[in-house]
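Quick notes on the structure that follows.
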Amino acid sequence: MQLSEKPGAIGVFDSGYGGLTILHQMRNILPQYDYLYLGDNARTPYGTRSFDVVYQFTREAVVKLFSMGCHLVILACNTASAKALRSIQQIDIPQLDPSRRVLGIIRPTAECIGNITQTRHVGIVATEGTIKSESYVLEIQKLYPDIEVSGEPCPMWVPLVENNEYDSPGADYFVKKRLGNLMRKDPEIDSIILGCTHYPLLLDKILKYTPRGVKIIPQGEFVANSLKEYLKRHPEIDEKCTKHGKCHYLTTENTEKFRESAQLFLHENVDVESITLE
């Protein structure tokens, strides 16, 4: 595949809509850059899929964004970051174009936690796939071997958000149950990472059922600040990113459905185009 060397937008990929919470913070902190968001909404959710399938789907998305001019792609999806990032970095990038970069969102979140937790006991709430991958445990303990990490899968939380039920009384049951499970695993937890990009929409419910004094850590701001530092450290990548303050959206689903759902996350009308991945 022949890839253009011209500068292009920063690619942002997610299996669904949750990555829009990451994109929102990127646009707040780095508004001058152009962004191209791709949601594989037709094949969401990724959380319950195997490593091989997540890798295959994520690779297809990365190749598509590269072909559309992106030199830097952010996997704004915890499952893709957990199950596909390393393979793409080690196997695919050298073959496709060694000058391009694909970054995930787990490491930036792991890096920040050492300065936040006082008890050195940290909780993760995430999809089943992210919890089973143990990616957060590995990243955090690589950086901070003294931190104890406990995870709790929350299989109903994403459907609650995507079906616009995140503010309903029914959501209380599922949020309370999973946070209760997590705190019973380790009552010394003083910080909980929201290890899924959908979860910020459940923040009011999460705060309601989190014990007093326990900090909740959404990822968006940490990921956006990490990207800002990365671009400072890598001017050769920065100069390949266009800067007109524009944002365009791609979906593998129906464009009207994407527009409606994107409103939940961004509170604005979006310009979206339907594409296929292969």
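So that you can scan it fast, the table gives a plain yes or no per residue for (1) open to solvent by 70 Å² or more (accessible area, probe 1.4 Å); (2) in contact with a Phe, Trp or Tyr (Cβ under 7 Å, 6 or more places away or on another chain); (3) within 27 Å of H71 (Cβ to Cβ); (4) touching a residue at least 60 places away in the same chain (Cβ under 8 Å):
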position: K205; (1), (2), (3), (4): no, no, no, no
position: Q219; (1), (2), (3), (4): no, no, yes, yes
position: N225; (1), (2), (3), (4): no, no, yes, yes
position: H248; (1), (2), (3), (4): no, no, yes, yes
position: R259; (1), (2), (3), (4): yes, no, no, no
position: A262; (1), (2), (3), (4): no, yes, yes, yes
Residue pairs meeting the criteria (Cβ under 6 Å; at least 6 apart or on separate chains; first more than 12 Å from G129 (Cα to Cα), in segment 46-60; second of a type in the set (S, T, Y)): Y55/S87
Only one residue in P211, P155 is surrounded by fewer than 17 Cβ atoms within 10 Å (Cβ to Cβ), at pLDDT 95 or above, in contact with a helix residue (DSSP H, G or I) (Cβ under 9 Å, 6 or more places away or on another chain) and assigned to a loop (DSSP other than H, G, I, E, B). Which one? P211
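Residue by residue, here is whether (1) farther than 19 Å from Y249 by Cα; (2) open to solvent by less than 10 Å² (accessible area, probe 1.4 Å); (3) touching a Lys or Arg at 6+ places or on another chain (Cβ under 7 Å) holds:
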position: L20; (1), (2), (3): no, yes, no
position: N28; (1), (2), (3): no, no, no
position: Q32; (1), (2), (3): no, no, yes
position: L36; (1), (2), (3): no, no, no
position: Y55; (1), (2), (3): yes, no, yes
position: F66; (1), (2), (3): no, yes, yes
position: H71; (1), (2), (3): no, yes, yes
position: C77; (1), (2), (3): no, yes, no
position: L85; (1), (2), (3): yes, no, no
Test for H244: is it under 30 Å from Q32 (Cα atoms) and either surrounded by fewer than 20 Cβ atoms within 10 Å (Cβ to Cβ) or touching a Pro at 6+ places or on another chain (Cβ under 7 Å) (or both): yes
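Mind checking whether some residue in segment 164-173 is open to solvent by less than 30 Å² (accessible area, probe 1.4 Å) and outside any helix (DSSP H, G or I)?
The initial filter retains those residues of segment 164-173 that are open to solvent by less than 30 Å² (accessible area, probe 1.4 Å), namely 168, 171-172.
Now narrow it down to the ones that are outside any helix (DSSP H, G or I): 168.
Yes - at least one qualifying residue is present in segment 164-173.
What is the residue count in segment 35-60 for residues that are assigned to a helix (DSSP H, G or I), of a type in the set (A, V, I, L, M) and touching a helix residue (DSSP H, G or I) at 6+ places or on another chain (Cβ under 8 Å)?
Pass one, segment 35-60, residues assigned to a helix (DSSP H, G or I): 51-60.
Narrowing further to those that are of a type in the set (A, V, I, L, M): 53-54.
After this cut, where a residue has to be touching a helix residue (DSSP H, G or I) at 6+ places or on another chain (Cβ under 8 Å) as well, the list is 54.
Matching residues across segment 35-60 total 1.
Among the residues of segment 176-206, what is the count of those that are assigned to a helix (DSSP H, G or I) and touching a helix residue (DSSP H, G or I) at 6+ places or on another chain (Cβ under 8 Å)? Spell out how you get there, then give the answer.
Kept after step one, since they are assigned to a helix (DSSP H, G or I), are these residues of segment 176-206: 176-185, 199-206.
Filter once more, keeping what is touching a helix residue (DSSP H, G or I) at 6+ places or on another chain (Cβ under 8 Å): 176, 178-180, 199-202, 205-206.
Counting residues in segment 176-206 that are assigned to a helix (DSSP H, G or I) and touching a helix residue (DSSP H, G or I) at 6+ places or on another chain (Cβ under 8 Å) gives 10.
The values are calculated or read from the model by the stated rules, or taken from the named source; none is laboratory data. If you're wondering where the values come from, they're calculated on a predicted model, not measured in any experiment. Here the Cβ is made from the backbone with ideal geometry for all residues, glycine too, and neighbour counts use every protein chain on show. Surface areas here come from the heavy atoms of the whole protein model, side chains and all, with no ligands, DNA or RNA. Shrake-Rupley method; radii C 1.70, N 1.55, O 1.52, S 1.80 Å.
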